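Notes to accompany the following structure.
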Amino acid sequence: MDSPKSLASYRVIGISDRVLEILKEYLLLEEGDYIFTNNGSPLMITCFNYFLKNSFRKSEIKKDDFVLTAHVFRYSHISLLAELEVPITAIMDRVDYTNETKILSVYTHVT
């Protein structure tokens, strides 16, 4: 597994008590340091995207020219933060982005 692109990529995130409870239960059943695995190894993003695409295709949700990938969650997250008028500097810090112009042009046009 590769290192993050910058030190800012290492983050502490808040989770609910329920998520913590689920993680503790999971760790009792599984060995290793990863949550999303393929036979104990980290799940490759291509495998995760394949799962998402396959699940979306089998769902009853129909939208032409839409491909569900992991990046859609990042895109939606940033766009929703912008829609909620979270300061751009806070968004950039949260998602480890240094290019304000790109965030404004790519992620905020939908709001």
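Every number here is computed from the coordinates shown, using simple stated rules; none is lab data. What you are looking at is a predicted structure, and each value in this text was computed from that prediction instead of being measured. Glycine gets a Cβ as well: all are built from the backbone with ideal geometry, and neighbour counts include every protein chain shown.
For the chain, list log₁₀ I(q)/I(0) at each q in 0.09 Å⁻¹, using the Debye formula over Cα point scatterers of equal strength and ignoring solvent, two decimals each.
For the chain at q = 0.09 Å⁻¹, log10 I(q)/I(0) is -0.35.
Taking Cα pairs under 8 Å and at least six residues apart, what relative contact order does region 7-107 come out at, in percent? Please report the intermediate quantities before stating the final value.
Working: 41 pairs, mean separation 20.8, N = 101.
It comes to 21 percent, rounded to a whole number.
If you rank Ser59, Ser76 by fewest surrounding Cβ atoms within 10 Å, what's the result? The partial results should precede the final answer.
On the way: Ser59 9, Ser76 12.
So the ranking, lowest neighbour count to highest, is Ser59, Ser76.
Would you order Asp64, Asp33 from fewest to most other beta-carbon atoms within 10 Å of each residue's own beta-carbon? Please list the in-between numbers first.
On the way: Asp64 4, Asp33 10.
Ranking Asp64, Asp33 by Cβ neighbours within 10 Å, fewest first, gives Asp64, Asp33.
Work out the length of the dipole vector of the chain about its Cα centre, built from +1 on the beta-carbon of each Lys and Arg and -1 on the beta-carbon of each Asp and Glu, and round it to the nearest 20 debye. Show your work: numbers first, answer last.
Working: 12 positive and 15 negative charges, 75 e Å.
In total the dipole reaches around 360 debye.
Using label points projected 7 Å from each Cα along Cα→Cβ, tell me how many nm separate Thr98 and Lys5, to one decimal.
1.0 nm
Nearest 0.05, what FRET efficiency do Val106 and Lys63 give at R0 = 22 Å with Cβ-Cβ as r? Numbers along the way, then the final one.
Working: r = 20 Å, r/R0 = 0.91.
Given R0 = 22 Å and the Cβ-Cβ separation, E is 0.65.
Which order results if Ile78, Ile88, Ile103 are arranged by neighbouring Cβ count within 10 Å, fewest first?
Values: Ile78 22, Ile88 16, Ile103 19.
Least to most surrounded, the residues fall as Ile88, Ile103, Ile78.
Within region 71-110, name every residue whose backbone N is under 15 Å away from a label modeled 7 Å from Cα of Phe36 along the Cβ vector.
71-77
What are the principal axis extents of the Cα atoms in region 15-73, in Å, biggest first?
42, 26, 19
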